[in-house]
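Asks: Here you go, one structure.
FYI, it's all coordinate maths here, none of it is from the lab. Source: prediction; values computed, not measured. Because the Cβ atoms are built from the backbone with ideal geometry, glycine has one as well, and the counts that use them run over all protein chains shown.
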Amino acid sequence: MILDVTAIDTYYGETQALFGVSLSVDAGEVVALLGPNGAGKTTTLRSILGLTRPRRGAIRFDGADVSRKPTHDIARMGVGWVPDDRRICPTLTVARNLSIALKRTRFRPWSMKEVFGIFSPLEYLVEREAENLSGGEMQMVAIARALLGSPGLVLFDEPSQGLAPKIVQDVLAIIRRLKDEGLSVIIVEQNAETALSVADRVYVLDRGTVAWSGLAAALRDDAGKRRDLLGA
Amino acid sequence: MDFLLYLLPHLLNGVALGLLFALIALGFMLIIGVMEVINLAHGSLFALGAYFALSLMTPDGGLKLGIAQLLFDLPIGWRYVIVLILAPIGVAVVGMGLEVCLRRTYGKDPLYGLLLTFGAALVLEELIRLTWGPTERFIPMPPSITGAVFIGDLIYSKYRFFASGFAILMIGLLWLFLEKTPYGALIKAGAHDSEMVRALGVNLTRLRLFVFGFGTALAAIAGIVMAPIWGVRPHVGVDAVVPAFVIIVLGGVGSFWGAVIAGLLVGMVVGLTGAYATDWSLIAMYILLILVVTFRARGLLGKKSVLEL
């Protein structure tokens, strides 16, 4: 097991956002977090990254307790993040956005060359200022940046948001490729269909608690259950 | 023609002043970018740079350490070069101490950071008064950069040329550092989105400490070079922090070249009004600021401002 989250309570100021959320991810597994807006999906990712630290509960990554570690240490242990709003620095070129992300962990390292092999358009955009990129190109940079940090676990927050269907398919292909390489993935999605097409297991969150968890196939094949849990 | 001959030295003074203002403002802006703190002590650290230089240049500066004698025995030119390196490092250490005190204010109401740095400015100014006395002091300068140059019929201070050239060099080096080195990329990314750089594995605490020290070192360098132009007085810091503030608003917060252009503009305005209407020379700067905020709040090269709809 690469990630083990046990009964975390996370707050924004005095407002509690997560109520005893537990989940786990195995090596080479793709886990989807589904649920409506405000269910606590992004907060769960922020808790894992140490950006919004849980007040109670424990988070273990790669065998070590990370619930009290600073974010940069967690990142250096091999947790990569692809945020929903991409968060690329607009005043830097693509090359410089990628170069600040390069780091080594105990996991498989990725070279610029390999990353350009996956995202071939990026090679021609390296000298472009990031503010002049399209939404799809931004997403490529965001994923490339996460890979260059040699992650063992990549957190995708709403990767399909605002992207054309063709590009969403590309993103899903990359997630499958990461899985084949033995990396673990958590994918947060509002769009259940997208997430279910790549996920092995699913956690459905509702108002800060885990409402259901199980195999993705169970939800994929059971439209009734899907409607009950996700309203869609 | 006579009119132009009369005008030219003042324009050149304005350029020297403006370039040094720009250097102060760029350090001020780096700190705003990464810390989101308006460092009101920036001017006091500028003054401290001049006083550190005073103590390292001459035994009159009150430095009693035996090792300083080695420095005083050097030829004045070499001494000046060493001082231009050592004094800013000393000020950077003081600046880093201030950053450690500031840490608890990050992410809170900006008023806390303003109050803390305002207090630090007062403390630094009083410490300067206690250590070096309230009267104006003079830093000895190498003869190679003092005296007059003759350009045709024009007599011009050699030192202003040195000050302008040195400021241009520093601004150029700073630009190269920010645009061409990985540290520069980290600073720019950190200024844009501190959470994201942490999630990329960057120790933000260390980055902030470095940027604060770096920004205050730039103020100190400007302080040393400005010393022969403005004189070295304890409250000279106020004269430096105000133009820095005007310049970043005028140039547009976050814009490197905006700050340089605005620095030159403010320098010219202060230089020219100083020539024709001395009493107006400081007011002119504020009138400029009011005009900019009224008609173009984003500044010359800034992005759309919160003051604009």
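Asks: For chain A, I need the span (max minus min coordinate) of the C-alpha atoms along each principal axis, in Å, sorted largest to smallest.
Replies: Here the Cα extents, ordered largest to smallest, are 46, 39, 32 Å.
Asks: Please work out the ratio of the alpha-carbon Rg of the protein assembly as shown to 2.2 N^0.38 Å and round it to two decimals. Intermediate values should be presented prior to the final figure.
Replies: Values: Rg = 28.2 Å, N = 541, 2.2 N^0.38 = 24.0 Å.
Scaled against compact globular proteins, the figure is 1.17.
Asks: Just rank A:Cys89, B:Cys101, fewest to most, by other beta-carbon atoms within 10 angstrom.
Replies: Working: A:Cys89 23, B:Cys101 12.
Lowest count first: B:Cys101, A:Cys89.
Asks: Points 7 angstrom from Cα along the Cβ direction at B:Tyr276 and A:Lys166: gap in nanometres?
Replies: About 6.2 nm separates the two model spin labels.
Asks: If you don't mind, there's one more thing I want to ask. Per residue of B:200-209, how many C-beta atoms from partner chains lie within 10 Å of its own C-beta, taken as a mean? All intermediate terms of the calculation are to be shown ahead of the outcome.
Replies: On the way: counts 16, 18, 7, 5, 3, 2, 1, 1, 0, 0.
That average works out to 5.
Asks: How high is the FRET efficiency between B:Thr205 and B:Trp175 when r is their beta carbon distance and R₀ equals 41 Å, given to the nearest 0.05? Mind showing how you got there, number by number?
Replies: On the way: r = 26 Å, r/R0 = 0.64.
Given R0 = 41 Å and the Cβ-Cβ separation, E is 0.95.
Asks: Continuing with this model, one more query. Going by average Cβ density within 10 Å per residue, which order do the peptides B:165-175, B:272-282, B:145-155 take, highest to lowest? Walk me through the intermediate numbers first.
Replies: Numbers: B:165-175: 16.4, B:272-282: 14.2, B:145-155: 10.5.
Going by the mean number of other Cβ atoms within 10 Å, highest first, we get B:165-175, B:272-282, B:145-155.
Asks: Antiparallel versus total DSSP beta bridges in chain A: what percent is that, nearest 5?
Replies: On the way: 21 of 39 bridges.
Counting DSSP beta bridges with both partners in chain A, the antiparallel share is about 55 percent.
Asks: Tell me what chain A gives for mean residue ellipticity at 222 nm when only DSSP H runs of n ≥ 4 count, each as -39,500 (n - 2.57), the sum divided by the residue total, rounded to 500 deg cm²/dmol.
Replies: Working: 9 runs with 78 residues, N = 232.
Computed mean residue ellipticity for chain A: -9500 deg cm²/dmol.
Asks: Can you list the aspartates and glutamates whose alpha carbon sits under 12 Å from that of B:Lys108, skipping same-chain ones fewer than 8 residues off?
Replies: Cross-link targets: B:Glu36.
Asks: Another one. By the gyration tensor of its Cα atoms, with a ≥ b ≥ c the square roots of the eigenvalues, what is the shape of region B:60-99: rounded for a/c under 1.5, prolate for a/b over b/c, or oblate? Before the final figure, lay out the partial values.
Replies: Numbers: a/c = 3.21, a/b = 1.72, b/c = 1.86.
Oblate, since a/c reaches 1.5 and b/c is not below a/b.
Asks: What whole number of Å gives the distance from the Cα centroid of region B:230-277 to the Cα centroid of region A:56-135?
Replies: Using only Cα atoms to place each centre, the spacing works out to 40 Å.
Asks: Of B:Ala25, B:Val94, B:Val232, which is farthest on the positive side of the dipole of region B:14-233, counting Cα position, with +1 on Lys and Arg Cβ, -1 on Asp and Glu Cβ, and the Cα centre as origin?
Replies: Comparing the listed Cα positions along the dipole, B:Val94 ranks first.
Asks: Taking 0.36 nm per residue of sequence separation and subtracting the Cα-Cα distance, how much length would be gained by fully extending the chain between B:His235 and B:Val93, in nm to one decimal?
Replies: Residue separation times 0.36 nm, minus the Cα-Cα distance, leaves 49.0 nm.
Asks: Kirkwood hydrodynamic radius of region B:14-233 from all distinct Cα pairs, in Å?
Replies: Details: mean 1/r = 0.0544 Å⁻¹.
When all Cα pairs of region B:14-233 are included, the Kirkwood radius is 18.4 Å.
Asks: Then there's this: By the gyration tensor of its Cα atoms, with a ≥ b ≥ c the square roots of the eigenvalues, what is the shape of region A:76-205: rounded for a/c under 1.5, prolate for a/b over b/c, or oblate? If you can, show how the numbers build up before the last one.
Replies: Working: a/c = 1.76, a/b = 1.24, b/c = 1.42.
Oblate is the answer for region A:76-205, as a/c is 1.5 or above yet b/c matches or exceeds a/b.
Asks: Set Lys and Arg Cβ to +1 and Asp and Glu Cβ to -1, take the dipole of the protein assembly as shown about its Cα centre, and tell me which of A:Ser22, A:Gln139, B:Gly190 lies farthest positive.
Replies: Final value for the positive-end residue is A:Ser22.
Asks: Something else about it: Would you mind classifying region A:33-100 by shape? Square roots of the alpha carbon gyration tensor eigenvalues, ordered a ≥ b ≥ c; an a/c under 1.5 is rounded, otherwise it is prolate if a/b is larger than b/c and oblate if not. Don't skip to the end; give the middle numbers.
Replies: Working: a/c = 2.62, a/b = 1.36, b/c = 1.93.
Taking the square roots of the gyration eigenvalues as a ≥ b ≥ c, region A:33-100 is oblate.
Asks: Just to be sure I understand: of the beta bridges DSSP finds with both ends in the protein assembly as shown, what percent are antiparallel, rounded to 5?
Replies: On the way: 26 of 44 bridges.
Counting only bridges with both partners in the protein assembly as shown, antiparallel ones make up about 60 percent.
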